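> Starting off with a structure, shown below.
The values are calculated or read from the model by the stated rules, or taken from the named source; none is laboratory data. What you see is a predicted model, and the numbers here were worked out from it, not measured in a lab. Here the Cβ is made from the backbone with ideal geometry for all residues, glycine too, and neighbour counts use every protein chain on show. For the accessible areas, the whole protein counts, side chains as well, though only heavy atoms, and no ligand, DNA or RNA atoms are used. Shrake-Rupley method; radii C 1.70, N 1.55, O 1.52, S 1.80 Å.
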Amino acid sequence: MWCRRLARLLEVPCWLGGSWRHRLPHGRRTVLAPAARWHHTAPESLKCAWQLHGDHLELRYADTLMRFDFVWLRDHCRSASCYNAKTNQRSLDTASVDLGIKPKAVRVDETTLFLTWPDGHVTRYGLEWLVKNSYEGQKQQVMHPRILWNAEIYRQAQVPSIDCRSFLETDEGLKEFLQNFLLYGIAFVENVTPTKEDTEILAERISLIRETIYGRMWYFTSDFSRGDTAYTKLALDRHTDTTYFQEPCGIQVFHCLKHEGTGGRTLLVDGFYAAEQVLRRAPDQFELLSKVPLKHEYVENVGDCHNHMIGVGPVLNVYPWNNELYLIRYNNYDRAVINTVPYDVVHRWYAAHRTLTAELRRPENELWVKLKPGKALFIDNWRVLHGREAFTGYRQLCGCYLTRDDVLNTARLLGLQA
C-alpha cells in the first residue's frame, strides 16, 4: 500500500525555483551536541528510554525511536493554560515561545513524559500519544486505508450496493456505504427514484453539494450545451474531473435517468492501483510525476457560459512524510501547454507519463458498468478515473460534485478512519 516509501539514503531530489535540487530528508538536521546517555524509566526496564541533546529530546518507546524539538514539545503542551480541551484548540501563543527554549528537568515514568520548563511550567505527554503524533510514528502510518483494485479484484470482492432506504434512514446503511467508498473509491446506491430531486436528497445525506461553474445539480445530455467533450455522444477516455480547479472536486455523483439507445457504458479505473504499479516498476518515474508541476486549463465560450479556469499541480500528489498518494490529477483533454518544466526535464516527464498511461489503459484494470435508472454511482474524483464508450440515442444523466471535507467528516463521525 501507500506506506511504502521511496528509499533515499543521503539525498532527496526536490523541485525548487524551476530546477532540480537536493535537500536532506525531511526532519534531518546536523546537530552538534555533547555526548548524551540513555535514561530508562526504571533500571530493570527497557520499555522506554530517553536522552537529551542540544536542541531535542530523543525518546525510545514501543519499538519507535522518536526525536522531538524542544519548541515542538512546548508548543504542543495540553495543559489547561495552553490548550482548550472543550474546543480542542490551542491557547498558547506559539510565536511567544523562545526558539532557544530547553527543559530544565525531564522525567519519564511507565506511561508519561514530564517536562519542566525554565519558568516552572510543567508539560505532560502520554507516551502512546507521542508515538501516535511523532513524525517517526506518522511516517509508518497510512492516513487513509484503501484496497487497490483492478477489475478482477473488484469483482471478486463482491462489494454490495446499498439500498436507498437503508442509506437514507439508517446509520448502518450509511456507514457500510462510506466504508465501501473509502476502501475502493467507488460506491453504489440502488433503488433510487430516477429524478434530479431524489438524487439531490441522496447526495445531501453525506455532504454539502459543491456548486461550480456547472451549477449545483446538473442534467447531462449530448446537446453540446457546454464547451466540453462530455456533452457529446463521443467516447471519453479515462480521466479525472476539474483538474483545472486549484482544488479538484472531491466526489462526483452520477445517476442515469434515461437512455433510449445503445452503448454508453461507464469506465472506471483505480488510478492509485495504476500508480502503485509505476512505483514498483519505475520509482524514479513515480517521483517525477509527483514533483513536476503542470497547468490544466478550461476555456469555454458557448452561449452565456464564459469561463477560463486554470489549476496547477503534479499528476501524482503525495504526503511528503510517508509518500502516501492522496490525489491523482489526470486529464489529457484539459492539460494546458507545458511551460512550467525546463527542457532537460520535460522529456523524462513524457516518458513517465507514458508509463502511467500504459498502466491506466491496461484492459485488466478497466471496470465497465452500465448505469441504469435507479442506480446512483459515487466516485472519488481524487482517485478513480472515469470515462465512457460512445452511445446512440437519447441519454440523460444528472449529478453533482460533493465537498470532500464533508464526506470525510461524515465518515469520521460514524467511527471510520478517513
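> If you roll a 1.4 angstrom probe over the protein chains with everything in place, what fraction of the accessible area of the chain belongs to carbon and sulfur, to the nearest %?
In the chain, the share of accessible area belonging to carbon and sulfur is 51 percent.
> Provide Ser166, Ser207, Ser91 ordered by accessible surface of protein heavy atoms (probe 1.4 Å), highest first.
The most accessible residue leads, giving Ser91, Ser166, Ser207.
> If packing is taken as the mean number of other Cβ atoms within 10 Å per residue, what is the order of 139-152, 208-221, highest first?
Sorting 139-152, 208-221 by mean packing, highest first, produces 139-152, 208-221.
> At what distance in angstrom do the alpha carbon centres of the range 171-186 and the range 313-380 lie from each other?
24 Å
> Using a Förster distance of 25 angstrom, determine the FRET efficiency expected from the C-beta separation of Asn409 and Thr111, and round it to 0.05.
0.20
> At 0.36 nm per residue, and after removing the present C-alpha to C-alpha distance, how many nm does the segment from Glu204 to Tyr333 gain when stretched out fully?
Full-extension gain reported as 43.4 nm.
> Round to the nearest 0.05 the FRET efficiency obtained for Val302 and Thr94 when R0 = 45 Å and r is the Cβ-Cβ distance.
Once the sixth-power term is evaluated, E becomes 0.35.
> Which lysines, if any, have their Cα less than 22 Å from the Cα of Lys372, not counting same-chain residues under 8 positions apart?
Lys196, Lys233, Lys258
> Still on this model: So if each residue of separation counts as 0.36 nm, and I subtract the Cα-Cα distance between Ala235 and Trp218, what length gain in nm does that give?
Gain on extension, Ala235 to Trp218, equals 4.1 nm.
> Before I look further, what does the chain give for accessible area per residue, probe 1.4 Å, in whole square angstrom?
49 Å²
> Further question: Within the set of other residues whose C-beta is less than 12 Å from the C-beta of Ala80, count the net charge using Lys and Arg as +1 and Asp and Glu as -1.
Residues close to Ala80 contribute a combined charge of +3.
> Quick check: from the Cα gyration tensor, does the range 254-363 come out rounded (a/c under 1.5), prolate or oblate?
oblate
> What accessible surface, in Å², does a 1.4 Å probe find on His239, ignoring ligands, DNA and RNA and rounding to the nearest 10?
So the heavy atoms of His239 present about 20 Å² to solvent.
> Would you please give the FRET efficiency between Ile153 and Ala358, computed as 1/(1 + (r/R0)^6) with r the Cβ-Cβ distance and R0 = 22 Å, to the nearest 0.05?
After rounding, the FRET efficiency stands at 0.70.
> Let me ask something additional. Which of the aspartates and glutamates could a cross-linker span from Lys102 if the Cα-Cα distance has to be under 15 Å and same-chain partners fewer than 8 positions apart are dropped?
By straight Cα distance, Lys102 reaches Asp55, Glu58, Asp69, Asp75, Asp119.
> Work through the residues other than Ala105 whose Cβ is under 14 Å from its Cβ and net out their charges, Lys, Arg +1 and Asp, Glu -1.
Within the 14 Å Cβ shell, the charges total +3.
> Under the rule of -39500 (n - 2.57) per DSSP H run of 4 or more residues, summed and divided by the residues of the chain, what mean residue ellipticity at 222 nm is obtained, to the nearest 500 deg cm²/dmol?
Value at 222 nm, helices only, nearest 500: -7000 deg cm²/dmol.
> Between the helical axis of 343-360 and the dominant principal axis of the chain, each derived from Cα atoms, what acute angle in degrees is found, rounded to the nearest 10?
Compared with the principal axis, the helix lies near 70 degrees.
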